[in-house]
Amino acid sequence: MMKISAFAKVSGLSIKALRYYDELGLLKPAHVDEQSGYRYYAEEQLLTVKRIAAYKEQGFTLEQLKPFLEDNIRADAVRDKLSEKMKELQETVQSLQLQLDEVNSRLSHLEHIGTGDPAESIRTRKVPSQRVASLRDQVPRSQLCLLLDEVMKYAALQGEEEARQLIILWHDDGNENADVADIEVALPLSRDIPANGRVRVHVLPELESAASLIHHCDPYGYSCPVIPELKAWISSQGLVQSDREPIREMYLTSDKDIYGRKRPAELIIPLLGNAE
């Protein structure tokens with residue numbers, strides 16, 4: 001017989017673990033001194049410790065492995081429990097594989113867009129037309145995220161793949177002082193999908209000339225704070241903003257690809273004239 005401290009050292013288990021095994025009924029001391037309360041273990045109980053360790057290696061929890069230590073467990077009961085564990089582990093493997101695939105997808109997308117932060121820069125460029133599903137409403141700015149969520153969910157129901165980009169069209173010229181904003185949110189489409197009463201499917205027109213500012217956008221904000229900066233640049237360059245099309249802000253990564261507080265975005269203000 002060995003005291004619990006000696007048995008802990010030989011078995012490789014902590015005294016706390018041995019006491020916990022005792023509480024669960026997995027490994028009770030061979031003898032407990034009634035006067036001192038000391039717990040003593042028999043040498044052959046090391047076999048039980050090894051059996052518990054083996055069951056744990058197979059993925060069984062302490063509660064699940066308890067029946068394996070019973071004296072008269074039947075072979076068919078063992079087979080059933082092993083089959084149950086096999087199914088449980090297969091489901092776990094499938095779930096982990098899905099997680100692995102998702103992480104791999106995030107890595108691949110980061111390599112595609114570049115892992116470095118985009119440098120903030122202003123230029124003029126031509127913006128090609130783009131088929132989109134869009135939703136326009138006059139709502140408090142705080143509801144921007146709700147509009148984005150609504151149009152993304154609708155597109156997903158139509159079988160559209162995960163949105164890599166999102167576009168916000170500020171029909172009120174990005175006026176931050178207005179309590180209610182005239183906002184349109186648009187999701188670029190890879191194929192044609194039907195419209196409904198709320199969501200339009202149409203083509204955002206090409207912009208022959210636009211001022212573009214790559215910046216880091218706070219997706220938790222309700223407006224684009226760099227609009228005044230880009231407007232000031234337009235004025236300084238002797239350019240003129242066009243009022244035929246609304247200001248656009250394009251999120252350059254999907255929601256799943258936001259790491260940190262901000263996401264890269266492109267602010268686009270239509271201009272009169274041709275792009276350089």
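The values are calculated or read from the model by the stated rules, or taken from the named source; none is laboratory data. Here the structure is a predicted model, which is why all the values come from computation and not from measurement. Every residue, glycine among them, receives a Cβ derived from its backbone with ideal geometry; neighbour counts consider all protein chains shown. In case anyone asks, the SASA skips ligands and DNA or RNA and just uses the protein heavy atoms, side chains included. Shrake-Rupley method; radii C 1.70, N 1.55, O 1.52, S 1.80 Å.
At-a-glance table
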{"item": "Which numbered condition Gln237 misses (of (1) polar (S, T, N, Q); (2) touching a helix residue (DSSP H, G or I) at 6+ places or on another chain (Cβ under 9 Å); (3) under 25 Å from Arg123 (Cβ atoms))", "result": "(2)"}
{"item": "Meets criteria (open to solvent by 50 Å² or more (accessible area, probe 1.4 Å), among the acidic types (Asp, Glu), at pLDDT 90 or above and out of contact with any Ser or Thr (no Cβ under 6 Å at 6 or more places or on another chain)) for Glu120", "result": "no"}
{"item": "Single match in Arg106, Arg39 (criterion: of a type outside the set (A, V, I, L, M, F, W, C), in contact (Cβ under 8 Å) with a residue 40 or more places away in the chain and touching a helix residue (DSSP H, G or I) at 6+ places or on another chain (Cβ under 7 Å))", "result": "Arg106"}
{"item": "Residues satisfying the stated conditions in the range 146-166, i.e. in a helix (DSSP H, G or I) and in contact (Cβ under 8 Å) with a residue 24 or more places away in the chain", "result": "Leu147, Leu148, Glu150, Val151, Met152, Tyr154, Ala155"}
{"item": "Enumeration of residues in the range 55-79 that are assigned to a helix (DSSP H, G or I) and either in contact with a His (Cβ under 7 Å, 6 or more places away or on another chain) or surrounded by 12 or more Cβ atoms within 10 Å (Cβ to Cβ) (or both)", "result": "Tyr55, Lys56, Leu62, Gln64, Leu65, Lys66, Pro67, Phe68, Leu69, Ala77, Val78"}
{"item": "Residues of the range 160-194 satisfying the condition of being open to solvent by 40 Å² or more (accessible area, probe 1.4 Å) and within 21 Å of Pro205 (Cα to Cα)", "result": "Arg164, Gln165, His171, Asp173, Ser190, Arg191, Asp192, Pro194"}
{"item": "Elements of type strands (runs of 3 or more DSSP E) in the range 167-276, at least 2 residues being of a type in the set (Val, Ile, Thr)", "result": "180-188, 200-204, 263-270"}
{"item": "The range 212-265, subset among the aromatic types (Phe, Trp, Tyr) and either under 24 Å from the mean Cα position of the chain (by Cα) or on the phi > 0 side of the Ramachandran plot (or both), residue surrounded by the fewest Cβ atoms within 10 Å (Cβ to Cβ)", "result": "Tyr220"}
